[in-house]
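First the structure, in the form of structure tokens, and then the observations on it.
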Amino acid sequence: MAIKNFVELVEMAKRKGPRRVAIVAAHDPATLLAAREAQKEGLAYPILVGDSAAITGMAKERDIDLAGMTVIDEPHPKLAARRAVELVKNGQADLAMNGLAQPRHLIEAALTSAGTSASSVEPLSTRDREKGLRNGRLLTNVGVFEIPGLDRLLMVSDIGVVVSPTLEQRAAIIQNAIGVAHRLGIEEPRVAILAATETVDPKVPLSLDAAKLSKMAQRGQIKGGIVDGPMALDIAISPHSARIKGIKGDVAGQADILIVPDIEAGNLLAKTITYFAKGKMASVVVGGKCPLAMPSRADPPEAKLASLAVGILVA
């Protein structure tokens, strides 16, 4: 049965948990509160990687019980990200989650991690690329949204990793998002490839890519979902708009997944949903050896918990 909201999301994650979660730059009150709740609810065994003095100080100040959690002192966020990835690689954690670090630090560590020497925070060499969490697939970000008035969770991808995807990368973005949808109980997710138009126009390269991707799905090159595009946003999510504009098909007005043109469009759409539509967002990076729960650094504890829940379900 498909998960409809974040309450159901957390309940489902409880059934799969607890998982060992390495939390990067955990010296943040909202992150600590989410970790405490995750432990209390049986989702996770938190491993807090960050400034240990700040972590214990914040916990004492806000009466957050750290009993049963592991604290690893690594004040520098970039090195904390590398340490968390090493914990996963060494079998000491099942997945990683970002706290207060810049998201790119954890993504870069997942792609290239080669150790956690405190003497250097310089970029890693190309010879270290095989030492991260790569497994031959493209890493992509999937945002999962609970939106007031919508009867289902809505996924948007890619909103945080692939800057300007090629056709091949778009196919991988779609396949990864379908995989997340399956873990959320959506047996055959409907995927809309967003564009400014619903017609194929040779003057609009994105519309051509969308048509190619739809055909690839029909031919079995993208599996597990129904893919259609190009499709304007209103047609993808509004049965009324699809009907008025005469757009038919299994995806029109019923999309579970929205594939955005690029990272800028995805980021704008995600923030529009959360700040204007008052939606709730969970975020996860998939495609590697384990998921990376990637809540926004500004998220409240409940949103961070939801991102962790998605990561646990995907792990």
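The values are calculated or read from the model by the stated rules, or taken from the named source; none is laboratory data. Source: prediction; values computed, not measured. All Cβ positions, glycine included, derive from the backbone under ideal geometry; neighbour counts span all protein chains shown.
Observations on the structure shown:
- Residue, surrounded by the fewest Cβ atoms within 10 Å (Cβ to Cβ), within segment 7-36, restricted to residues that are in a helix (DSSP H, G or I) and among the β-branched types (Val, Ile, Thr): Val7
- Residue in segment 210-219 that is in contact with a Pro (Cβ under 7 Å, 6 or more places away or on another chain) and either assigned to a loop (DSSP other than H, G, I, E, B) or under 16 Å from Ala265 (Cβ atoms) (or both) present: yes
- Residue among Val260, Val285 that is buried (at least 23 other Cβ atoms within 10 Å of the Cβ), out of contact with any helix residue (DSSP H, G or I) (no Cβ under 6 Å at 6 or more places or on another chain) and closer than 30 Å to Glu11 by Cβ: Val285
- All of Ile235, Ile193, Ile222 fail the test of being at pLDDT 95 or above and part of a helix (DSSP H, G or I), apart from Ile235.
- Any hit, segment 56-68, residues being part of a helix (DSSP H, G or I) and buried (at least 19 other Cβ atoms within 10 Å of the Cβ): yes
- Residue match in segment 97-106 (condition: farther than 25 Å from Leu313 by Cβ and in a helix (DSSP H, G or I)): no
- Residues satisfying the stated conditions in segment 233-253, i.e. touching a residue at least 24 places away in the same chain (Cβ under 8 Å), buried (at least 19 other Cβ atoms within 10 Å of the Cβ) and not β-branched (Val, Ile, Thr): Ala236, Ala252
- Meets criteria (assigned by TED's automatic domain parsing to the domain that holds Lys245, crowded, with 21+ Cβ neighbours inside 10 Å, aliphatic (A, V, I, L, M) and modelled with pLDDT of 90 or more) for Ile178: yes
- For the residues Leu150, Leu154, the requirement of being surrounded by fewer than 21 Cβ atoms within 10 Å (Cβ to Cβ), assigned by TED's automatic domain parsing to the domain that holds Glu264, over 15 Å from Leu269 (Cα atoms) and of a type outside the set (D, E, K, R) singles out Leu150.
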